[in-house]
Amino acid sequence: GGGDAAKRRAGEAAADEVEDGMVVGLGTGSTAAHAIRAIGERGLDVAGVATSYQSRQLAIDAGIPLTTLEEASVDLAIDGADQVADGNLVKGGGAAHAREKYVDASADRFVVVADPSKEVDALDYPVPVEVLPDARPVVAKRVRALGGGPELRAAERKDGPVVTDNGNLVLDCAFGEIDDPEEVAASLSELPGVVEHGLFVGLADAVYVGTEDGVRVTDA
Ligand code: DER
């Protein structure tokens with residue numbers, strides 16, 4: 001559909017930044033998947049650091065050799081987002097945000113790839129929060145005290161909750177419009193039992209938005 005053409009344009013345009021010899025952070029989701037495929041198709045001499053089972057499998061299918069943060073540092077990370085406002089992101093729609101965040105944040109340069117539906121004036125997407133399973137009730141209580149509405153993310157083709165690549169659960173926390181993402185991010189980070197949340201504040205260096213007939217690149 002139209003959305004996919006925009007996602008493909010964004011992914012392929014971001015892949016234009018990839019040069020031989022680079023170590024590339026491979027994001028998760030359908031938009032980042034276009035960048036991964038493009039990197040593979042261009043036969044670039046690169047290595048990838050995966051952020052999930054999905055991106056690892058996509059890299060293998062695309063013929064991109066994999067490495068790890070033990071062996072290499074990331075020159076460029078390319079990843080999607082669920083929402084973008086002033087360069088700040090909500091991520092975690094795919095429940096991969098814990099690994100995505102440390103890979104994306106470790107990169108010399110982190111670019112976001114998105115379709116126009118992700119662009120908003122103020123972030124209001126429920127913030128995915130990865131929690132240690134047994135801590136869920138206490139994290140949920142603290143999130144409510146912060147004014148959030150925590151919902152345990154149910155799996156679709158598995159009975160029970162989504163379980164992340166790290167073996168944890170996800171609470172989608174609705175805060176309504178988030179005027180101060182830095183404050184909400186800090187509050188979530190300090191809750192005992194929280195592994196990682198999906199607010200990426202001040203991490204992105206640029207945002208590629210695919211449009212019907214091209215791509216718009218904004219420095220973040
Ligand atoms: O889960 C994630 O963080 C993904 O990057 C998500 O935010 C974007 O997924 P999409 O590109 O399939 O919309």
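Here are a few things to note about the model shown:
- By the Stokes-Einstein formula, at 1.002 mPa s and 20 °C, the stretch 1-67 with its Kirkwood radius over alpha-carbon pairs has D equal to 186 µm²/s.
- Residues in the stretch 136-145 carry Karplus couplings, in order, of 3, x, 6, 5, 4, 5, 5, 4, 4, 5 Hz; the curve used is 6.51 cos²θ - 1.76 cosθ + 1.60 with θ = phi - 60°, and Gly or Pro positions show x.
- Remark on GLU196: its backbone amide H falls under 5 Å from those of GLU130, a criterion applied only to residues 5 or more positions apart or on other chains, H modelled at 1.01 Å from N.
- Top of PRO137, PRO116, PRO150 by mean-square fluctuation, Gaussian network on the chain, Cα under 10 Å: PRO137
- Dipole magnitude for the chain: computed about the Cα centre from +1 point charges on Lys and Arg Cβ and -1 point charges on Asp and Glu Cβ, it is near 820 debye.
- For the stretch 123-220, diffusion coefficient by Stokes-Einstein and Kirkwood Rh (Cα), 37 °C, 0.692 mPa s, µm²/s: 222
- Whole-number accessible area per residue in Å² for the chain, which is evaluated in the context of all protein chains at 1.4 Å: 46
- Our helix-only sum for the chain, with -39,500 (n - 2.57) per DSSP H run of n ≥ 4 divided by its residues, gives a mean residue ellipticity at 222 nm of -9000 deg cm²/dmol.
- Table column - 3J(HN,Hα) (Hz), the stretch 149-159, Karplus curve with 6.51, -1.76, 1.60, x for Gly and Pro: x, x, 10, 5, 6, 7, 6, 9, 10, 7, 6
- The charge dipole of the stretch 136-184, taken about its Cα centre with unit charges on the Cβ of Lys, Arg, Asp and Glu (plus for the first two, minus for the last two), comes to roughly 460 debye.
- Under 5 Å from the amide H of GLY80 lie the amide H atoms of THR28, ALA32, VAL113, each residue being 5 or more positions distant or on a separate chain, with H modelled from the backbone and absent for Pro and chain starts.
- Carbon/sulfur fraction of accessible area - the stretch 88-144, other protein chains in place, 1.4 Å, %: 48
- Ranked by the mean number of other Cβ atoms within 10 Å of their residues, highest first, the peptides 15-23, 71-79, 33-41 fall in the order 33-41, 71-79, 15-23.
- Sorting 204-210, 164-170 by average packing, meaning the other beta carbons within 10 Å per residue, from highest down gives 204-210, 164-170.
- Tail beyond 18 Å, pair distance distribution of the stretch 159-207 (Cα, percent): 42
- Beta bridge orientation in the stretch 47-125: antiparallel %, DSSP, nearest 5: 35
- Calculated log₁₀ intensity ratio I(q)/I(0) where the Debye formula runs over C-alpha points of the chain, q = 0.13, 0.17, 0.18 Å⁻¹: -0.71, -1.16, -1.27
- Pairwise FRET efficiency - GLU156 versus ASP219, Cβ, R0 = 35 Å, nearest 0.05: 0.45
- Close amide H pairs (under 5 Å, H built 1.01 Å from N) link LEU66 with GLY48, residues at least 5 positions away or on another chain.
- The stretch 79-84 - phi-based ³J(HN,Hα) in whole Hz, Karplus 6.51/-1.76/1.60, Gly and Pro as x: 8, x, 7, 8, 8, 9
- The stretch 71-216 - percent relative contact order, Cα under 8 Å, separation 6 or more: 33
- Which of GLY63, PRO150, PHE175, positive extreme of dipole for the chain (C-beta unit charges): PRO150
The values are calculated or read from the model by the stated rules, or taken from the named source; none is laboratory data. Owing to the predicted nature of the structure, the values given are computational and were not obtained by experimental measurement. Ideal geometry is used to build each Cβ from the backbone, glycine not excepted, and the neighbour counts take in all protein chains shown. SASA here: full protein model, heavy atoms, side chains in, ligands and nucleic acids out. Shrake-Rupley method; radii C 1.70, N 1.55, O 1.52, S 1.80 Å.
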